[in-house]
Amino acid sequence: MHLPDLLDPALIEEAQRQLTICNSCRYCEGYCAVFPSLELRTIVEPKDAVHLANLCHDCRACFYACMYAAPHEFAVNIPEALSAIRVETYREYGWPAVASRLFGHGPRGVAVGSLIGIIGIIGLIFAFGEPHRMLARQTGPGSFYVFLPYAAMVTTFLLASGFVVAVMFGSFVGYWRDTHGRLADLIDRRALGAAIGDAFSLKYLRGGGEGCYYPTDTASHRRRLMHSLVVYGFLCDTVATISAAIMQDFLDQMPPYPLLSVPVVLGSIGGIAMIIGSTDLLRLKSRSDTRPAFAKMISKDYGFLVSLALVSITGMLVLMTRETAALGPVLAIHLGTVAAFFVAMPYGKFVHFLYRYGALVQNRLEEDHYARSLEPAKEA
Amino acid sequence: MTVLVPLSPGNGAELRRAADAAWDVVVVGGGNAALVAAMSARRLVGRVLLLERAPRHMRGGNTRHTRNIRCAHDTSDAFTPGTYPCDELLADLRSVGRPVNATLAELAVSESQTVPAWMEDHGVRWQPALRGTLGLSRTNRFFLGGGTALINTYYRTADAMGVSTVCGATVTDIELDGRDARAVIVEGEAGQIRIQTGAVVIASGGFEANIAWLKRYWGDAADNYVIRGTPYNDGLIFAKMLERGAGSAGDAKGFHAIAVDARSPKFDGGIATRLDSVPFSIVVNRNAQRFADEGQEVWPKRYASWGRLIAEQPDQIAYSIYDIQAARLFMPSLYPPFTASSIAELAERVGLDPGALETTVTRYNQHVCQSVPFDAATKDGRGTTDLSPAKSNWALQIQEAPFFALPLRPGITFTYLGLAVNTHAQVLDAAGQPFGNVYAAGEVMSGNILSSGYLAGFGLTIGHVFGRIAGREAAFHASS
């Protein structure tokens, strides 16, 4: 096991100290999966701390319910301690390490990244496209590709997404090997289905039923709702992009597509959902209690949310300006923010879903194992 | 209705504002019973003030450390499978110690039936079953998140109902005119403030955090007690009422204690510092001698007896000694155990006489009855033969290194002595005559019902039942 060498031992030890207190108390076991999962262990090994950290959805119910929170000398703050290990997880399993350090940061990184992205896109336009037509009104089929040829655009983004998917796949496999082991267990049918359900319903952002204790000490379902808007909006936009590719490459229909076409309708629904979700999550974050949070994670959260907001807002602007002279600059800005989003994907907060999904599968596997272990005892 | 937002530290302005008003009901205390009384009073009258002595982060008294509540119920539901009739609860109560006042005990039991619904109405959520019915109990309901979550919920609900609360407000006296309270005296950063009121509910807990008071009965031994709950339960206003002629109920020397880790915080360590090792180990005193049967009881009763047993030992300290085999049988302790590769070395680590501990362990090992199979899950009957004191269950030889020691001290949960009350929760004087408008609820009067022993979750039941009665009666009195 190489985990202890990789992850910051001080953070792991602090989580172990706190989780030992939790395991002696267990009052929070009704809130989420973390505490029941903890109770299946008598000793918290480093890999257990990493698993529990990624299983934690940061609903913060346990922080406000804790009689051992600071200023108590036990200073229990599970959301903060586990959040710190998640930051380490994202950094550690992101490859290459230098990219993980460069792109895994907050809003400033996103701003710089987007700027570089925009300059890069303009560079591409100058290299392969027709920059002199940037500020002229374009209409008709293929108008998007007047500035930047389809081949240049698609090659860039296919390469980028291929890289992103490969890195994230590698990150996930590395994480799963370290925290669980057998890769084959990932496709255990029962655990798989149950974990997908847990993930897509954001079950553990329910805080035991009342919702997250977010932004402060009163429970609310708002954060779960907004998070869902972002997730489902993002999925809508992904499907919209795929449908556009099909229409163009297989049905030979060049964009822009009519308002009542699959890509535009899905893209608009997704875009609006993402704008509402990401900006409201930003607003909630700005008001949130920082005590149960880890500073580096707050920064990552802001970075990711700003990036999501930029991509979705500029995406909707492309739709709104597509028949005007503003399209050229708007499209360049949009593609730049998308490029920045892509580059940061395997290193920023985006990856949280990978490890959390892994932790949810692990949790379901353990639950099943535990249930089976009880069966012979019942018969006896 | 102005809501006085607790600002801690520094509550002078709120207290001065409170002093400008004439209140219908003032509640002294800020735990479960106090909140229940305040909310119940607020249903009937407009001006209810709750004065919590602790700062905001420590508000809630010992309720902060609670976990479940014991209520009688004739029907099974999702949170308490099976039925728990009043008769059975009363029998359970009698089995841990004869109630001082049978009428009040019966009242608590019968009224307990309506408590869960009342709690739900005031925002409390229950903990669902974790795996199957695991984590559920037939007799006790677990509220989601434990006592601190319960307290947060009640403060939020009380606030929404228009109860005014001030944290960090120490009530030092109750101004009496004959048998009637006219005001409470609060000492805070603003100095001494008089707050006028139509009725007073005392719900300020026991006196277990008052070491000087405990010393009256236990001498210097009390210096070695760990207090598991809030440091604010020093019985200040309880003592004041006794001075003013109030009658008491319950055993003055009585306290409930369990064995906790000797390295626990002096106050407020709560649930996490209790130890599970006793039945799978031997427990020796400062002289490395065993003094009681470690294998006598199963959970949860074993927790209840060891506090008192250790309190009776020299220096109120004991050590649970076990080996690596036994270490796998119970939850690891909050603080890591002392460890060594031999018994003699272990003795040195914890400051025991090595020779004496070796002799005790060897003697114990020789008397373990090895023919009976060991079974951690049941009272296995695997004990010692011809050993005094005997160990009657789970006797494992202590032979495989590494060896471990956990230091134990008595951890006091609560005291039994309280204010005598009647069925209206009115405080009685020594002659049994009620004060006109002074009421009591919760731990400060639970000695009327619990004379000794411990019934998990029943303290909260008493707090709810008498909190409701006290709040209601105080409000009636104030409005009449």
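The values are calculated or read from the model by the stated rules, or taken from the named source; none is laboratory data. Treat the numbers as computed from the prediction; the structure is a model and nothing was measured. Heads up, the Cβs are rebuilt from the backbone with ideal geometry, glycines too, and the neighbour counts pull from every protein chain shown. Quick note on the areas: whole protein, heavy atoms, side chains included, nothing else; ligands and nucleic acids left out. Shrake-Rupley method; radii C 1.70, N 1.55, O 1.52, S 1.80 Å.
Does the stretch B:327-394 come out rounded, prolate or oblate by the C-alpha gyration tensor, with a ≥ b ≥ c the root eigenvalues, rounded set by a/c under 1.5 and, if not, prolate when a/b is larger than b/c and oblate if not?
Because a/c hits 1.5 or more and a/b fails to exceed b/c, the stretch B:327-394 counts as oblate.
With only Lys, Arg, Asp and Glu charged, each at its Cβ (+1 for the first two, -1 for the last two), find how big the charge dipole of the stretch B:342-434 is about the Cα centre; round to the nearest 20 debye.
On the way: 6 positive and 9 negative charges, 39 e Å.
That gives a dipole near 180 debye.
Can you list the residues in the stretch B:246-269 whose accessible area drops by at least 40 Å² when all protein chains are present, compared with the chain alone? Use a 1.4 Å probe, heavy atoms only.
With the partner chains in place, the stretch B:246-269 has these residues losing at least 40 Å²: B:Pro265.
Using only alpha carbon pairs under 8 Å that are at least six residues apart, calculate the relative contact order of chain A and give it in whole percent.
27
Please give the solvent-accessible surface of A:Ile333 in Å², to the nearest 10, using a probe radius of 1.4 Å with every protein chain present.
Using a 1.4 Å probe on the heavy atoms, I get roughly 70 Å².
Summarise the accessible area of the stretch A:85-244 (1.4 Å probe, protein heavy atoms) by the percent that is carbon and sulfur. Mind showing how you got there, number by number?
On the way: 5790 of 8260 Å².
The value for the stretch A:85-244 is 70 percent carbon and sulfur by accessible area.
Taking the simple approach of a point 7 Å from Cα along Cα-to-Cβ for both A:Ala295 and B:Lys266, what is their distance in nm?
3.3
Once you sort the root eigenvalues of the Cα gyration tensor of the stretch A:181-302 as a ≥ b ≥ c, which label holds: rounded (a/c under 1.5), prolate (a/b larger than b/c) or oblate (the other case)?
It comes out oblate by the Cα gyration axes.
Report the full-extension gain for the segment B:Asn287 to B:Arg131: residue separation times 0.36 nm, less the Cα-Cα distance, to one decimal in nm. Don't skip to the answer; put the middle values down first.
On the way: separation 156, 0.36 × 156 = 56.16 nm, distance 4.52 nm.
Additional length available on full extension: 51.6 nm.
How many angstrom separate the Cα center of the stretch B:29-105 from the Cα center of the stretch B:167-221?
Measuring centre to centre over Cα atoms gives 21 Å.
Spin-label point model (7 Å from Cα, Cβ direction): what's the A:Ile246 to A:Glu323 distance in nm?
About 2.7 nm separates the two model spin labels.
Would you tally the net charge around A:Leu202, using a Cβ to Cβ cut-off of less than 11 Å, leaving A:Leu202 out, and scoring K and R as +1, D and E as -1?
Value of the local net charge: +4.
So for chain B, averaging the separation of alpha carbon pairs under 8 Å that are six or more residues apart and normalising by length, what relative contact order in percent results?
With pairs under 8 Å counted, the relative contact order is 23 percent.
Please report the accessible area of A:Phe126 (heavy atoms, 1.4 Å probe, ligands and nucleic acids excluded) in Å², nearest 10.
Its accessible surface works out to 140 Å², give or take rounding.
Considering only the protein assembly as shown, what is the antiparallel percent among its DSSP beta bridges, to the nearest 5?
70
Between B:Gln433 and B:Gln397, what is 0.36 nm times their sequence separation minus the Cα-Cα distance? Round to one decimal in nm.
7.0 nm
Suppose each label sits 7 Å from its Cα in the direction of the beta carbon; what would the A:Ser161-A:Arg17 distance come out to in nanometres?
That separation, rounded to one decimal, is 4.7 nm.
Could you sort the residues of the stretch B:133-178 by number and keep only those whose accessible area is reduced by 40 Å² or more in the all-protein-chain setting relative to the chain alone, 1.4 Å probe?
Buried by the other chains: B:Leu144, B:Gly145, B:Thr148, B:Arg156.
Would you work out what percent of the accessible area of the stretch B:78-185, with all protein chains in place, is carbon or sulfur (probe 1.4 Å)?
51
If R0 is 41 Å, what FRET efficiency do you get for B:Lys379 and A:Ala10 from their C-beta distance, rounded to 0.05?
Numbers: r = 44 Å, r/R0 = 1.07.
My answer for the efficiency is 0.40.
List, by residue number, every residue in the stretch A:28-68 with a reduction of 40 Å² or greater in accessible area between the chain on its own and the complete protein assembly, 1.4 Å probe.
A:Glu29, A:Gly30, A:Tyr31, A:Thr42, A:Ala65, A:Met67, A:Tyr68
Can you tell which of B:Tyr154, B:Ala54, B:Asn101 lies farthest toward the positive end of the dipole of chain B, using +1 and -1 charges on the Cβ of basic and acidic side chains (Lys, Arg; Asp, Glu)?
B:Tyr154
So what are the ³J(HN,Hα) numbers for the stretch B:430-445, from phi and the Karplus equation (6.51, -1.76, 1.60; θ = phi - 60°), rounded to whole Hz, Gly and Pro as x?
Each residue's phi maps through the Karplus curve to give 4, 8, x, 8, x, 6, x, 9, 10, 10, 9, 8, x, 4, 5, 10 Hz.
Go ahead and estimate [θ] at 222 nm for chain B from helices alone: -39,500 (n - 2.57) per DSSP H run with n ≥ 4, summed, over the residue count, rounded to 500. Write down the numbers at each step before the final one.
Values: 13 runs with 139 residues, N = 480.
When only DSSP H runs of four or more count, the value is -8500 deg cm²/dmol.
Given a Förster radius of 60 Å and the C-beta distance between B:Arg308 and A:Ile269 as r, what FRET efficiency does 1/(1 + (r/R0)^6) yield to the nearest 0.05?
Approximately 0.35, to the nearest 0.05.
In square angstrom, what is the accessible area per residue of the stretch B:40-114 with a 1.4 angstrom probe?
42
Roughly how big is the A-B contact, given as buried accessible area in Å² (both sides, 1.4 Å probe, nearest 100)?
2600
Count neighbours as other Cβ atoms within 10 Å of each site's Cβ, and list the GluC sites (Glu not before Pro) in the stretch A:19-95 that are DSSP loop with at most 16 such neighbours. All intermediate terms of the calculation are to be shown ahead of the outcome.
Details: sites: A:Glu29, A:Glu39, A:Glu73, A:Glu80, A:Glu88, A:Glu92; in loops: A:Glu73.
Here the sparse-neighbourhood loop sites are A:Glu73.
Once fully extended, how much extra length lies between B:Ser371 and B:Thr359, figured as 0.36 nm per residue of separation less the alpha-carbon to alpha-carbon distance?
Stretched fully, the B:Ser371-B:Thr359 segment lengthens by 2.0 nm.
Under a GNM of chain A (C-alpha, springs under 10 Å), which listed residue has the highest mean-square fluctuation: A:Thr279, A:Thr155, A:Thr314?
A:Thr155
Would you mind classifying the stretch B:208-289 by shape? Square roots of the alpha carbon gyration tensor eigenvalues, ordered a ≥ b ≥ c; an a/c under 1.5 is rounded, otherwise it is prolate if a/b is larger than b/c and oblate if not.
Note, shape of the stretch B:208-289 comes out prolate.
Would you mind getting the accessible area per residue of the stretch B:288-399, heavy atoms of the protein chains only, 1.4 Å probe, in Å²?
About 46 Å² of surface per residue is accessible.
How much net charge surrounds B:Ala183 when only the other residues with a Cβ under 12 Å from the Cβ of B:Ala183 are counted, with Lys and Arg +1 and Asp and Glu -1?
My count for the surroundings of B:Ala183 gives -2.
For the stretch B:156-170, take each phi angle, set θ = phi - 60°, evaluate the Karplus expression 6.51 cos²θ - 1.76 cosθ + 1.60, and give the result in whole Hz per residue in order, putting x for glycine and proline.
5, 5, 4, 4, 5, 7, x, 7, 8, 10, 10, 8, x, 10, 9
Name the GluC sites (Glu not before Pro) in the stretch B:392-480 that are in a loop by DSSP and that have at most 14 other C-beta atoms within 10 Å, would you?
B:Glu400
Quote the FRET efficiency, to the nearest 0.05, computed for A:Glu130 versus A:Met254 with a Förster distance R0 of 22 Å and r equal to the Cβ-Cβ distance.
Computed FRET efficiency for A:Glu130 and A:Met254 comes out at 0.85.
Could you work out the helix-only [θ] at 222 nm for chain A, with each DSSP H run of four or more residues adding -39,500 (n - 2.57) and the total divided by the number of residues, to the nearest 500 deg cm²/dmol?
Result for chain A: -22500 deg cm²/dmol, rounded to the nearest 500.
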